[in-house]
1. Inside region 34-60, can you point out the residues that are surrounded by 12 or more Cβ atoms within 10 Å (Cβ to Cβ), small (Gly, Ala, Ser) and either within 26 Å of Ile8 (Cβ to Cβ) or in contact (Cβ under 8 Å) with a residue 40 or more places away in the chain (or both)?
2. Does at least one position in region 16-24 carry a residue that is within 8 Å of the chain's Cα centre (by Cα) and polar (S, T, N, Q)?
Amino acid sequence: MRLSAPTIIIWLLALILAALAILSKFIGIPVIGGFIKQNDFWVMTAAYGLLFLGTLFKGL
């Protein structure tokens, strides 16, 4: 199996999702903070899943 680096857009999106999930544990995020605070586990899982898919499939 040959893995490839994810594109910059996928990497940045995953980084933003992970940062929002971590920050929602410590501070309140005004706009979408309620959703992220309630679903922080799934937001973090989505971030790492996105990185996994970006690494697994070339060009994603």
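1. Ala46, Ala47, Gly49, Gly54 - these are the residues of region 34-60 that are surrounded by 12 or more Cβ atoms within 10 Å (Cβ to Cβ), small (Gly, Ala, Ser) and either within 26 Å of Ile8 (Cβ to Cβ) or in contact (Cβ under 8 Å) with a residue 40 or more places away in the chain (or both).
2. Taking every residue of region 16-24 in turn, none turns out to be within 8 Å of the chain's Cα centre (by Cα) and polar (S, T, N, Q).
For (1) in a helix (DSSP H, G or I); (2) in contact with a strand residue (DSSP E or B) (Cβ under 6 Å, 6 or more places away or on another chain); (3) at pLDDT 85 or above, each residue gets a yes or a no:
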residue	(1), (2), (3)
Met1	no, no, no
Ile10	yes, no, yes
Ala14	yes, no, yes
Ser24	yes, no, yes
Gly34	yes, no, no
Phe41	yes, no, yes
Tyr48	yes, no, yes
Gly54	yes, no, yes
Gly59	no, no, no
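The values are calculated or read from the model by the stated rules, or taken from the named source; none is laboratory data. Quick caveat, the model's predicted, so the values are computed rather than measured. So basically every Cβ, Gly included, is an ideal-geometry build from the backbone, and we count neighbours across all protein chains shown.
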